[in-house]
1. Per-residue HN-Hα couplings for the range 122-134, Karplus 6.51 cos²θ - 1.76 cosθ + 1.60 at θ = phi - 60°, whole Hz, x for Gly and Pro?
2. For N113 and N76 in the same chain, what is the full-extension length gain: residue separation times 0.36 nm, less their Cα-Cα distance, in nm?
3. If we sort 73-79, 106-112, 52-58 on the protection proxy, mean other Cβ atoms within 10 Å, highest first, what's the order?
4. Which order results if W105, W132 are arranged by neighbouring Cβ count within 10 Å, fewest first?
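We did not get these values from a lab; they are worked out from the coordinates using the rules stated. These numbers were taken from a predicted model, which means no experiment stands behind them. As a convention, Cβ positions derive from the backbone with ideal geometry for all residues, glycine included, and neighbour counts pool all protein chains shown.
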Amino acid sequence: MIMNITKMMFISLLLLLSFAKVGWCGGNSENTSPEAIMLEYFKAMKANDFSSMYDMVSDNMKDDRTREQYVADWENVIKLGQVEIIDSGITSTEINGDKARVNVWSKASDVFNVFGIIEKEIDHLIFVDGVWKLDVTEVLMEEVTEIPTE
């Protein structure tokens, strides 16, 4: 029973992170770089503003979900895992035409890590209709003992 709960929480947290990362649909020049999009995305995630996050992700990340379904999925993951985003940052960005790769770190607590853990990930963004949108997130399964600087 405990093992099933642990597996469910681990899968939920992986889903949380895979649903994440984004491209802001704001349209003003301050929010048009991949870095600005990712910072805005984490700000929305930290505030549990999942509706805004929906506007920042590609159709691929929406996975045929309506805004309401997307928000409900996020609310369930956050509630089930007792997830709280503590901090986040960007270590590097690589832009190649209409694609970008942003290396980010995040510190979050959850039901199993009440003091928070730091994870690294690579977020892949695409340029769609004049704005960057989060398209794919790769969570790196490697131990992080301190906040990465590069």
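1. With the stated coefficients, the range 122-134 comes to 10, 9, 9, 10, 10, 8, 10, 6, x, 9, 7, 10, 5 Hz.
2. Working: separation 37, 0.36 × 37 = 13.32 nm, distance 1.81 nm.
Taking N113 through N76 to full extension adds about 11.5 nm, to one decimal.
3. Numbers: 73-79: 16.1, 106-112: 17.9, 52-58: 21.6.
Highest to lowest by the protection proxy: 52-58, 106-112, 73-79.
4. W105, W132
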